[in-house]
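What follows is one structure encoded as structure tokens, with my remarks underneath.
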């Protein structure tokens, strides 16, 4: 999101307020004016602050608190990101939030919603050992819609799920018709399915805040607070790390998660089934001239591999 003029900001704030119970208070008009004025034309700042104000209202804070909160909020985006992440300090999902941002910031490419179905079970605490244990856990994510809500909560609004751009080969009507005809998610042009929808940061400045700023240190501090509260023991806190060290630890975490994923029991059966299928296809090709090929194919058909509780990422 880039800089917009005051009219765009005011329209956005009014629309957001109209969808909330805050609009029933006549003082919301002056509050919207204050947000517009303090944003100084920076649309992203206005979006983030509007969400913070609405969150305060939803939590039952009174009007004096809300107006005081607005007046004390900083004008710089990095400072706003730090304010948003300060909420993690008192949160039970500090562990999950830290590892979510590690994957969001350090992955070599943008990850699809479907890929996040596979990542989340391994960043929520204890490492699962099977697909069955994932499906039976209390934290199992059952649908793309639930996963989107989870991402909004964990990221505090700094990450969003996006549809990819419309293919240039389709005009607007063809694009919409294609989406309507593929609601089941079977078509390669279905931009609403989990394989096509990408999880992205809302602005490049968020990445800079984590990669070159203090983002990871804030989350690591919150994670340490959570560990201390659960163990009732004071840990010896490590000094604040330079961004390069935090990034190195993040890459080690990703490597460890990948190794844990490869240790899932059912993956061995999936790999073996794939090998048998490949061997079968090669044998069928060699026996294509034999009148017994069909019977042999039936005899050698491998058993169906176990089915994961969520679709596997597209492999090409």
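The values are calculated or read from the model by the stated rules, or taken from the named source; none is laboratory data. In this text the structure is predicted, and so the values were computed from the model without any measurement. Note that we place each Cβ from the backbone using ideal geometry, even for glycine, and neighbour counts take in every protein chain shown.
In the set (1) within 17 Å of residue 252 (Cα to Cα); (2) surrounded by 22 or more Cβ atoms within 10 Å (Cβ to Cβ), the condition left unmet by residue 121 is number (1). Residues that are in contact (Cβ under 8 Å) with a residue 12 or more places away in the chain and either under 17 Å from residue 22 (Cβ atoms) or not in a helix (DSSP H, G or I) (or both) within the stretch 72-109 comprise 73, 75, 91, 92, 93, 107, listed in sequence order. The residues on offer are 15, 64, 51, and the sole one that is closer than 18 Å to residue 202 by Cα, surrounded by fewer than 16 Cβ atoms within 10 Å (Cβ to Cβ) and not assigned by TED's automatic domain parsing to the domain that holds residue 202 is 51. Residue check: is residue 84 assigned by TED's automatic domain parsing to the domain that holds residue 16 and surrounded by 15 or more Cβ atoms within 10 Å (Cβ to Cβ)? Spelling it out, it is not the case that residue 84 is assigned by TED's automatic domain parsing to the domain that holds residue 16 and surrounded by 15 or more Cβ atoms within 10 Å (Cβ to Cβ). Among the numbered conditions (1) outside the structural domain of residue 100 (by TED's automatic domain parsing); (2) surrounded by 15 or more Cβ atoms within 10 Å (Cβ to Cβ); (3) modelled with pLDDT of 60 or more; (4) closer than 30 Å to residue 117 by Cβ, the only one that residue 305 does not meet is (3).
Might you let me know whether the stretch 265-279 holds any residue that is modelled with pLDDT of 80 or more, closer than 27 Å to residue 101 by Cα and under 23 Å from the mean Cα position of the chain (by Cα)? Within the stretch 265-279 (the criterion being modelled with pLDDT of 80 or more, closer than 27 Å to residue 101 by Cα and under 23 Å from the mean Cα position of the chain (by Cα)), the answer is no, since none of the residues qualifies.
Can you name every residue in the stretch 99-123 that is more than 12 Å from the chain's Cα centre (by Cα) and more than 16 Å from residue 259 (Cα to Cα)? Within the stretch 99-123, 106, 108, 109 meet the criteria.
Given the structure, is residue 128 at pLDDT below 90, buried (at least 20 other Cβ atoms within 10 Å of the Cβ) and in contact with a helix residue (DSSP H, G or I) (Cβ under 9 Å, 6 or more places away or on another chain)?
Details: at pLDDT below 90: yes; buried (at least 20 other Cβ atoms within 10 Å of the Cβ): yes; in contact with a helix residue (DSSP H, G or I) (Cβ under 9 Å, 6 or more places away or on another chain): yes.
Criteria met by residue 128.
With a requirement of 1 or more residues that are out of contact with any strand residue (DSSP E or B) (no Cβ under 8 Å at 6 or more places or on another chain), within 27 Å of residue 113 (Cβ to Cβ) and at pLDDT below 70, the helices (runs of 4 or more DSSP H) lying completely within the stretch 157-263 that satisfy it span 172-181.
For the stretch 30-49, check the following and say yes or no: at least one residue is within 26 Å of the chain's Cα centre (by Cα), part of a strand (DSSP E or B) and under 20 Å from residue 216 (Cβ atoms).
So the first thing to find is which residues in the stretch 30-49 are within 26 Å of the chain's Cα centre (by Cα), and the list is 42-49.
Still in the list and also part of a strand (DSSP E or B): none.
Among the residues of the stretch 30-49, not one is within 26 Å of the chain's Cα centre (by Cα), part of a strand (DSSP E or B) and under 20 Å from residue 216 (Cβ atoms), which makes the answer no.
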